[in-house]
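Undergrad: Pasting a structure below so you can have a look.
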There are 2 protein chains.
Amino acid sequence: MTSSTEEAKSELNAASQIIDGKAIAARIRQDIAQQVAALAEKKPGLAVILVGSRPDSQTYVNMKKKACESAGIVSFGFDFDETVTQEVLLETVQKLNQDDRVHGILVQLPLPSHLDQDTILKSVHPDKDVDGLHPTNVAALQMYSGHFLEAPFSIPCTPLGCCVLLEQSAVPLRGAHCVVLGRSQLVGWPMARLLLAQDATVTVVHSKTRNIEDMVRQADVVVAAVGRAQMVKGDWLKPGAVVIDVGINSVDTPGGKKPYKLVGDVDYDSAKAVASKITPVPGGVGPMTIAMLLRNTLASFQRMQKQT
Amino acid sequence: MTSSTEEAKSELNAASQIIDGKAIAARIRQDIAQQVAALAEKKPGLAVILVGSRPDSQTYVNMKKKACESAGIVSFGFDFDETVTQEVLLETVQKLNQDDRVHGILVQLPLPSHLDQDTILKSVHPDKDVDGLHPTNVAALQMYSGHFLEAPFSIPCTPLGCCVLLEQSAVPLRGAHCVVLGRSQLVGWPMARLLLAQDATVTVVHSKTRNIEDMVRQADVVVAAVGRAQMVKGDWLKPGAVVIDVGINSVDTPGGKKPYKLVGDVDYDSAKAVASKITPVPGGVGPMTIAMLLRNTLASFQRMQKQT
Ligand SMILES: NC(=O)C1=CN([C@@H]2O[C@H](COP(=O)(O)OP(=O)(O)OC[C@H]3O[C@@H](n4cnc5c(N)ncnc54)[C@H](OP(=O)(O)O)[C@@H]3O)[C@@H](O)[C@H]2O)C=CC1
Ligand SMILES: NC(=O)C1=CN([C@@H]2O[C@H](COP(=O)(O)OP(=O)(O)OC[C@H]3O[C@@H](n4cnc5c(N)ncnc54)[C@H](OP(=O)(O)O)[C@@H]3O)[C@@H](O)[C@H]2O)C=CC1
């Protein structure tokens, strides 16, 4: 490598900006806490339903409840045994649908396989569906073309958080080519729609895509949501691309202090050398997902207050 | 041009296959007619609501009613004056929702601007929404990954027709790069989802896309639904690409026999020289849209019969 390319590369490196999801999420949570504190007596409430004892689900649910608490949002926990019946869950949701202290209902996924996840998600009243997974809200998102923070319905928290990160980082999306890796109902597909609504040109790639690297290499913005540790390498990126890494993967660290560490779907070190802006894992999209849950709960509360 | 490239080009030409939508639609309509003829006394019924006197809407409505007739499907016409109120329309839809002779309700679009199109489309019972535009059906499509002809809900007729054309023409979609031009609720966006559900890699381009030609040039399959006469030129295409032209544009033909003619969004002559398979306009997607309307009405009838 000649010294001038070395220099060019280090300049690029120097320009590469870490999108600090942790800090952005903290600011948003502070803002929400202030708004909630300023409310009269009645506060927003979030019901969190957990089935079984998956450690990751327990961790997420605890984080969500704590986040509520610190923002002044009341949280109601409903923990069920692995063997709970569909009927009991549906009854619980029905009660929460009618409970006017509750403005958001969250069913922690995945559910054990004997439960019909679709039916349970559908049973949540769309106005309280802060995860944006009810068909009414899924349809609303597909038909919506306004600003993501002005939607009169809930948008799934993770892709919503990615949009806020892009906006806060002043990434221009109009006419930009965005490549979304992954097409799940929870992340990839709603993300694609949200980018399209912001006038990006959108490509969705997935496990059946051929030449995935060539596609990623064209992208101005890459959103990786595949659940494959460090799959996207630096040399897959166009120099100056913006990278949003949704992935949370646990990899073993033999000989390390801890037995495992969390990494994204992007190979951070090599990508950082090429990207203009990039989210780290942890500390990127993860904290935004929780901030958006609080935000959706507050927004849901505000819409309900207006109605009454 | 050397003589060998001339030859190569003419070989390519020779290989270029016209996707005969008219013939495929005719076969489907015949098949539907046979199925309807084999039914016991009760026949499928389609209600067609037309507001105002736009000549194009009148033409489409007449074609749809005639197509019903020739397939043995009963059609019920509801023609309203331009000035009809929202209330009268909603009442009409309500009655049709309850009428068990009616298995499909179609509201011809566009509606005059004093009417709230969204509210009226939402008022159609999802089970009778043969256009697939009710939010319940929009959401169902976003969450569906099975075969398009096995969906237990209605899929918008035009993109559904495009899928049938691709299937009948044995175009492999898994892993293929499909570029959809246009992102409307009626065509572009549901088409993108349908292609993704068939494991294609999908790019959606629109009026804000930069370098649209470069994007189209990568496509194994191009679906054009922009409403811009002959926009996509032959030299935008990768040799051997498959081209589905949804556009119906009327262009003046000064000095011609008729004062105008219908052309697609693709420049047929130059595209035909490069594409491996291509739909003509007219005679491509257009006839399929009507065939799919009959098909959706029959499918809707069959689902309702099962329920009772
Ligand atoms: N930061 C956060 O708060 C959150 C993080 N996540 C993380 O995001 C990631 C994705 O989550 P989710 O969408 O729920 O996961 P899913 O498993 O539901 O979807 C993964 C998607 O990636 C695609 N995919 C898998 N392997 C490959 C491959 N080798 N090449 C290309 N595409 C591939 C799959 O394709 P196909 O459809 O063909 O199978 C699928 O569309 C996970 O790491 C998850 O932990 C998720 C939610 C929140
Ligand atoms: N064969 C059939 O049976 C049917 C045919 N059609 C025909 O299909 C075409 C599309 O219909 P429909 O989807 O309803 O139309 P819409 O007008 O609703 O949508 C057109 C789409 O094309 C995009 N577009 C417009 N101009 C350009 C451009 N210069 N470059 C790139 N993209 C562009 C628009 O982008 P943006 O979103 O940025 O504005 C928009 O997304 C029309 O010709 C229509 O007549 C439609 C239905 C049935």
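Undergrad: Quickly estimate the mean residue ellipticity at 222 nm for chain B, helices only: each DSSP H run with n ≥ 4 gives -39500 (n - 2.57), and the total goes over all residues, rounded to 500. Don't skip to the end; give the middle numbers.
TA: Working: 11 runs with 131 residues, N = 308.
Estimated from H runs of four or more residues: -13000 deg cm²/dmol.
Undergrad: Say the cut-off is 25 Å between C-alpha atoms; which of A:K65/A:K128; A:K22/A:K66; A:K277/B:K238; A:K64/A:K233 go over it? The partial results should precede the final answer.
TA: On the way: A:K65/A:K128 17 Å; A:K22/A:K66 16 Å; A:K277/B:K238 33 Å; A:K64/A:K233 32 Å.
Checking Cα-Cα distances, A:K277/B:K238; A:K64/A:K233 exceed 25 Å.
Undergrad: Okay, moving on. Take every Cα pair under 8 Å in segment B:195-305 that's 6+ residues apart, average their separations, divide by the length, and report that relative contact order as a whole percent.
TA: Values: 179 pairs, mean separation 25.6, N = 111.
After rounding, I find 23 percent.
Undergrad: Here's a follow-up. What stretch of chain B, leaving out the sites themselves, is the longest with no trypsin sites (Lys or Arg not before Pro) in a DSSP loop having at most 16 other Cβ atoms within 10 Å? Working shown, then result.
TA: Values: sites that count: B:K42, B:R101, B:R174, B:K208, B:R210, B:R228, B:K233, B:K257.
Formally, the longest exposed-site-free interval is B:102-173.
Undergrad: What does the structure give for A:140-147 when I average, per residue, the other chain Cβ atoms found within 10 Å of the residue Cβ?
TA: Rounded to a whole number, the mean comes out at 3.
Undergrad: What longest region of chain A stays clear of GluC sites (Glu not before Pro) that DSSP places outside H, G, I, E and B and that have at most 14 other Cβ atoms within 10 Å?
TA: A:151-308
Undergrad: Quote the relative contact order of chain B in percent (integer), defining contacts as alpha-carbon pairs under 8 Å separated by 6+ residues.
TA: The value is 22 percent.
Undergrad: Mind checking the mean number of beta-carbon atoms from other chains within 10 Å of the Cβ atoms in B:185-192? Spell out each step's value before the answer.
TA: Working: counts 3, 0, 0, 1, 4, 1, 0, 5.
Mean inter-chain Cβ contacts per residue within 10 Å come to 2.
Undergrad: Quick check: residue separation of B:K258 and B:R174 times 0.36 nm, minus the Cα distance between them. What number comes out in nm?
TA: Using 0.36 nm per residue and subtracting the Cα-Cα distance, I get 26.0 nm.
Undergrad: Taking R0 as 22 Å, what FRET efficiency do you get between A:K306 and A:H125 from their Cβ-Cβ distance, rounded to the nearest 0.05?
TA: E between A:K306 and A:H125, to the nearest 0.05, is 0.85.
Undergrad: Express the Stokes-Einstein translational diffusion coefficient of chain B in µm² s⁻¹, to the nearest whole number, given a Kirkwood radius over alpha-carbon pairs, 10 °C and a viscosity of 1.306 mPa s. Kindly include the intermediate steps, with their values, before the conclusion.
TA: Values: Rh = 20.4 Å.
Using the Kirkwood radius from Cα pairs, D works out to 78 µm²/s.
Undergrad: While we're looking at this one, here's another question. In bins 10 Å wide, starting from 0, what share of all Cα pairs of segment B:156-286 does each bin hold, as a percent?
TA: With a bin width of 10 Å, the distribution comes to 14, 48, 31, 6, 1.
Undergrad: Taking Cα centroids, how far is segment B:21-40 from segment A:277-306 in Å?
TA: Centre-to-centre (Cα) distance: 51 Å.
Undergrad: Along the charge dipole of segment A:42-125, Cβ charges K/R +1 and D/E -1, which of A:S53, A:H103, A:F80 sits furthest on the positive end?
TA: Ranked along the dipole, the leading option is A:H103.
Undergrad: Tilt of helix B:86-98 relative to the longest C-alpha principal axis of chain B, in degrees (0 to 90, nearest 10)?
TA: It works out to around 80 degrees.
Undergrad: On to the next question. Please work out the C-alpha center-to-center distance from segment A:69-106 to segment B:138-170 and express it in whole Å.
TA: Each part's Cα centre sits 36 Å from the other's.
Undergrad: Where the only charges are on Cβ atoms (+1 Lys, Arg; -1 Asp, Glu), what is the dipole of chain A about its Cα centre, to the nearest 20 debye?
TA: 320 debye
Undergrad: How far, in nm to one decimal, is B:T308 from itself in the other copies if the label point is set 7 angstrom along Cα toward Cβ? Shortest first, please.
TA: 4.3
Undergrad: Using only the alpha carbons of segment A:102-189, what is the convex hull's orientation-averaged projected area in square nanometres?
TA: Mean projected area for segment A:102-189: 6.8 nm², to one decimal.
Undergrad: Taking the Cα centre of the protein assembly as shown as the origin, how large is its charge dipole in debye, to the nearest 20, when only Lys and Arg (+1) and Asp and Glu (-1) carry charge on their Cβ atoms?
TA: 40 debye
Undergrad: Continuing with the same structure: In degrees, nearest 10, range 0 to 90: what is the angle between the Cα axis of helix B:285-307 and the longest Cα principal axis of chain B?
TA: 40 degrees
Undergrad: Nearest 20 debye, what's the magnitude of the dipole of segment A:42-125 about its Cα centre given +1 on Lys and Arg Cβ and -1 on Asp and Glu Cβ?
TA: Here the size comes out at about 480 debye.
Undergrad: From the Cα gyration tensor of segment A:9-86, with a ≥ b ≥ c the square roots of its eigenvalues, which class applies: rounded if a/c is under 1.5, or else prolate if a/b is larger than b/c, or else oblate?
TA: Oblate, because a/c is 1.5 or more while a/b does not exceed b/c.
Undergrad: Also, I was wondering about something else. Just to verify a number: FRET efficiency for A:M63 and A:V251, C-beta to C-beta distance, R0 = 22 Å, to 0.05?
TA: 0.60
Undergrad: For B:F76, list long-range residues whose amide hydrogen, built 1.01 Å from N in the peptide plane, is under 5 Å from its own amide hydrogen.
TA: B:L46, B:A47, B:V48
Undergrad: Follow-up. May I have the convex hull volume per residue, in Å³, for the Cα set of segment A:218-279?
TA: 78 Å³
Undergrad: Quick one: helix A:3-15 against the long Cα principal axis of chain A, what's the angle to the nearest 10°, folded into 0 to 90?
TA: Here the helix axis deviates by roughly 20 degrees.
Undergrad: Specify, per residue and in Å³, the volume enclosed by the convex hull of the alpha carbon atoms belonging to the protein assembly as shown.
TA: Spread over its residues, the Cα hull of the protein assembly as shown gives 204 Å³ apiece.
Undergrad: If you don't mind, there's one more thing I want to ask. What is the ratio of the Cα radius of gyration of segment B:42-125 to 2.2 N^0.38 Å, with N the residue count, to two decimals?
TA: Against the compact-globule rule of thumb, the ratio is 1.05.
Undergrad: Here's a follow-up. Mind checking which of A:L89, A:A67, A:S123 is farthest towards the positive end of segment A:42-125's charge dipole, using Cβ charges of +1 (Lys, Arg) and -1 (Asp, Glu) about the Cα centre?
TA: The Cα lying farthest towards the positive end belongs to A:A67.
No lab work stands behind these numbers, since they all come straight from the coordinates. All figures in this text were calculated on a predicted structure; none of them were measured in a lab. Methodologically, a virtual Cβ is constructed for each residue, glycine included, from the backbone with ideal geometry; neighbour enumeration extends over all protein chains shown.
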